[in-house]
Amino acid sequence: MKRYFGLGLILLSAIAFAGCSQSVSAPNASGGGESSGASGAISNKELKPVRVQLAFLMQSLDAPLIVAIDKGYFKQEGLNVSFERGFGNNDTISKLGTGKFDLAFSDMYNTLEFNSKNPGEKIKAVAIVHSRAPFSIVTFKDKGIATPKDLASKKLGAPAGDGPRKLFPLFAKEASLDPGSVTWMTMEPKLRETFLLQGQVDAVSGFSTSVIPSLLKGGKKMDDLKVFYYDESGLDFYGNAILARADFIDKNPEVVKSFVKAYLRGVQDVIKDPNAGLDATVAADQSKLMNREAEKVRLQIALERMILTPEADKLGLGASDPKRLQKSIDQTVAGFKLPGSPKVADIFTDRFLPPKADRQVPPTSERKPLS
């Protein structure tokens, strides 16, 4: 699916994608689009086109992007942003590396692995989208797995390239669990929750923002679930970031800077009014197959665990703590068995972030509850 946005009118384009049945319509739910009055008007030809790929299907996690588009924040920066769905972090990173997209939303840790294998196509993060990663092991309480140690002798399921699965030996070490004591079953990403619901596996690894909503759609309730977050066991990783190829960054620094600025404005708006952000995302789903309740759960998890963190309060949106990031890089090298010793500067730069005063987390008094 693909969307094109210009000043004034929003053009719709439903593009057939291999394996993708979802398409996108012009969202108006967030309201307040930019005026196209004669004074200061910019034609479509004057806007810089920017191609963006999501990590997966459009979800409520993408609400800041949708809101920033709806409200004309990118247009104000001179950008004509189009985006397409992704097919998982690894696929998104690979396509970004080939130059098919200018920017993408994905994680830095799989990017480290990509960079080690493709030194001529290196990718960097230019802003942190999620201050904390949703890496987790999810099971059902009736499985009798009360602690990570109880995973011993159990069957776990995940796709082969799943990040939390690759990092499981480190998680197990922190939990005093022998990683060899579990058996892994490999399946396609879309079948992960199905295998757990059918009892073919005892637990799954993955992003809680993906696994939990799918299980709820499958008939489970939150009280049925037991979730072990990696960050509660010594693996304090960052979540997805805005990524770009190093050569694109060098050639288009103002584009990167402008995109980050507009996107972070969208993040602030979603924090202030998550209902408007959720409604805008649902309205953007032309297929009308998006489940609002499942997306509400996804967005709630993201806000509570991944965006509104003490570090974000301290450093501002989009930033990282160098010591924390370096520790997670070192853990990734060990977990993914990567060569070399990459440093923070090899994967992240903060030089495109707006001034801290412009990317503060909105105070509690300005936030509406998600309902």
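Structure notes:
- Principal axis extents of the Cα atoms in region 131-197, from largest to smallest and rounded to whole angstrom, are 31, 30, 24.
- Helix-only [θ]222 nm of the chain, DSSP H runs n ≥ 4, -39500 (n - 2.57) each, per residue, nearest 500: -9500 deg cm²/dmol
- Couplings for region 167-180, taken from phi via the Karplus curve 6.51 cos²θ - 1.76 cosθ + 1.60 with θ = phi - 60°, read 8, 4, x, 6, 4, 5, 4, 5, 9, 6, 10, 6, x, x Hz in order; Gly and Pro are left as x.
- Amide H within-cut-off set for residue 79, under 5 Å, with H built and near neighbours excluded: 48
- The slack in the chain from residue 366 to residue 337, taken as 0.36 nm per residue of separation less the alpha-carbon distance, amounts to 6.0 nm.
- Dimensions of the chain from C-alpha coordinates, computed as largest minus smallest value along each principal axis and given longest first, are 69, 45, 44 Å.
- Cut-off under 5 Å, modelled amide H: who pairs with residue 318 long-range: 128
- Compared with the alpha-carbon gap, the fully stretched path from residue 147 to residue 324 is longer by 61.2 nm at 0.36 nm per residue.
- With a cut-off of 11 Å between beta carbons, the residues surrounding residue 261 carry a summed charge of 0, where Lys and Arg count +1 and Asp and Glu -1.
- Computed from label points 7 Å out along Cα-Cβ, the spacing between residue 48 and residue 184 is 4.1 nm.
- Computed from backbone phi with θ = phi - 60° and the Karplus coefficients 6.51, -1.76 and 1.60, the 3J(HN,Hα) list for region 144-155 is x, 9, 8, 9, x, 4, 6, 6, 4, 6, 8, 9 Hz; x is used for glycine and proline.
- Radius, Kirkwood style, for region 146-285 when every pair of distinct Cα atoms is counted (Å): 17.9 Å
- Accessible area expressed per residue, the chain, with surrounding protein chains retained (probe 1.4 Å, Å²): 42 Å²
- Rounded accessible area of residue 142 (nearest 10 Å², 1.4 Å probe): 130 Å²
- Most tightly packed first, judged by the mean number of other beta-carbon atoms within 10 Å of their residues, the peptides 179-192, 55-68 read 55-68, 179-192.
- Per-residue Karplus couplings for region 199-208, computed as 6.51 cos²θ - 1.76 cosθ + 1.60 with θ equal to phi - 60°, are listed in order as x, 6, 9, 8, 7, 9, 9, x, 7, 4 Hz, Gly and Pro entered as x.
- Label-to-label distance, nm, for residues given as residue 198 and residue 223 (7 Å Cα→Cβ offset): 2.9 nm
- Residues whose amide H falls under 5 Å from that of residue 132, counting only those 5 or more places apart or on a different chain, are 239, with hydrogens built in the peptide plane.
The values are calculated or read from the model by the stated rules, or taken from the named source; none is laboratory data. Predicted model only: the values in this text are computed from it and were never measured. So basically every Cβ, Gly included, is an ideal-geometry build from the backbone, and we count neighbours across all protein chains shown. Note: accessible area is taken over every heavy atom of the protein model, side chains too, but ligands, DNA and RNA are not part of it. Shrake-Rupley method; radii C 1.70, N 1.55, O 1.52, S 1.80 Å.
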